[in-house]
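> My questions will all concern the structure given below.
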Amino acid sequence: MEDFEQPIISVRNLSKQFGEGCSSCEGNNTDMQKGNYCEECGTVYACKDISFDLYSGEILGVVGESGSGKSTMMSCLYFDQEVSKGEAYISSYKSGGTSIFSESPQQKRYIRNNVLGKVYQNPIDGLKMNFSSIGNIAEKLIAAGYKNVGYMERRGSELLEHVNIPLFRMKEAPINFSGGMQQRVQIAKALSNNPPILLLDEVTTGLDLSVQANVLDLIKVIQRELGISMIIVSHDLSVIRMLADRTIVMLDGKIVEQGLTDQILEDPQNAYTQQLVYSMI
């Protein structure tokens, strides 16, 4: 029986910096820092000591302005970038006893292909735009170790139908699709290996409002039907309000506030969170 009290993923002190750092900006010395940038040595602290838990079946929202470190954090979790320091434990991987950041490149590929799914802000980062849609899904399944062509065709068709892509277009390349359809193909690809954790990075940015609504409804249906745990990054608080159970607020690479989404949006405690919420009214 699944332990709903144990986090499905625990992240501790995730940090990512660009630059070597110096005596002026390392540790807690912030005299030379402007936001998350050190004017002395030019080091950028994209993420600094990010810690949070995600529980089974939960949607965790991550909100903050552009440059706050949201997408960098997601890139680190999916191994698109290496962390500078920190640990992350996934309960279904080696019983949660080994930090995924300390694993070998081969094991990281295994985690990407079998434990995690990611939907990128720009579909070109998550899809091969000139492959067929079902071919994109098959690519993910092959990377996860599947070899049976018949199964991959059935699985691909099932997933494309689930995300409302007409099956007569399954052999069509995503480059011919609208932005909303491309995002739905990305979601189908990310779900192909039945990941317990799905990472969604600004998935509605740049889409028309009606298309945004369709994508958000799809995410809600998937979460409800499959019970997948999700981390959703957005600068749009209305997206976070609609989807997230809990929310963390980031500024200059740090978490400045976290809690239940309703609590964050109705009674923000941090000055920056208050500014975000009031700008929505």
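The values are calculated or read from the model by the stated rules, or taken from the named source; none is laboratory data. Computed from a predicted structure; not experimentally measured. Glycine also receives a Cβ, built like all others from the backbone with ideal geometry; neighbour counts cover every protein chain displayed.
> Just the residues that are within 23 Å of MET280 (Cβ to Cβ) and of a type in the set (S, T, N, Q), please, taken from region 54-69.
Selection gives SER66, SER68.
> So, one more: Can you go through ASN36, ASN13 and tell me which one is within 17 Å of ILE255 (Cβ to Cβ), more than 16 Å from the chain's Cα centre (by Cα) and modelled with pLDDT of 95 or more?
Answer to the check: ASN13.
> Any residue in region 169-194 that's more than 14 Å from ASN130 (Cα to Cα): show its pairings with residues that are polar (S, T, N, Q) and assigned to a helix (DSSP H, G or I) at Cβ separation under 7 Å, as long as the two are six or more apart or on different chains.
Matching pairs, first to second residue: GLY180/ASN214; LYS189/ASN136; ASN193/ASN113; ASN193/ASN114.
> Now for a separate question. Would you confirm whether any residue within region 111-123 is closer than 25 Å to GLU225 by Cα and free of Cβ contacts under 8 Å to residues at least 40 places away in the same chain?
yes
> Could you tell me how many of the residues in region 207-228 are surrounded by 14 or more Cβ atoms within 10 Å (Cβ to Cβ) and more than 23 Å from PRO166 (Cβ to Cβ)?
2
> Can you name every residue in region 229-281 that is closer than 21 Å to LEU209 by Cβ, crowded, with 20+ Cβ neighbours inside 10 Å and hydrophobic (A, V, I, L, M, F, W, C)?
ILE232, VAL233, LEU237, VAL239, ILE240, LEU243, ALA244, LEU265, LEU276
> Give the residue that is modelled with the lowest pLDDT, with candidates limited to residues of region 187-225 that are among the β-branched types (Val, Ile, Thr) and assigned to a helix (DSSP H, G or I).
Checking each candidate, the answer is VAL211.
> Go through region 139-183 and count every residue that is under 20 Å from TYR110 (Cβ atoms), part of a loop (DSSP other than H, G, I, E, B) and over 21 Å from the mean Cα position of the chain (by Cα).
Qualifying residue count, region 139-183: 4.
> Looking at region 154-168, which of its residues are touching a helix residue (DSSP H, G or I) at 6+ places or on another chain (Cβ under 7 Å) and charged (D, E, K, R)?
ARG155, GLU161, listed by residue number.
> Follow-up. Looking only at region 206-257, which residues are hydroxyl-bearing (Ser, Thr, Tyr) and under 14 Å from the mean Cα position of the chain (by Cα)?
SER229, SER234, THR247
> Additional query: Of (1) modelled with pLDDT of 95 or more; (2) in a helix (DSSP H, G or I); (3) surrounded by fewer than 16 Cβ atoms within 10 Å (Cβ to Cβ), ASN136 satisfies all except one. Which?
Going through the list (1) modelled with pLDDT of 95 or more; (2) in a helix (DSSP H, G or I); (3) surrounded by fewer than 16 Cβ atoms within 10 Å (Cβ to Cβ), ASN136 breaks only (3).
> Of all residues in region 84-110, how many are touching a residue at least 12 places away in the same chain (Cβ under 8 Å) and not acidic (Asp, Glu)?
Count: 16.
> Now for a separate question. GLU202: surrounded by 18 or more Cβ atoms within 10 Å (Cβ to Cβ), of a type in the set (D, E, K, R) and on the phi > 0 side of the Ramachandran plot, yes or no?
Yes: the conditions hold for GLU202.
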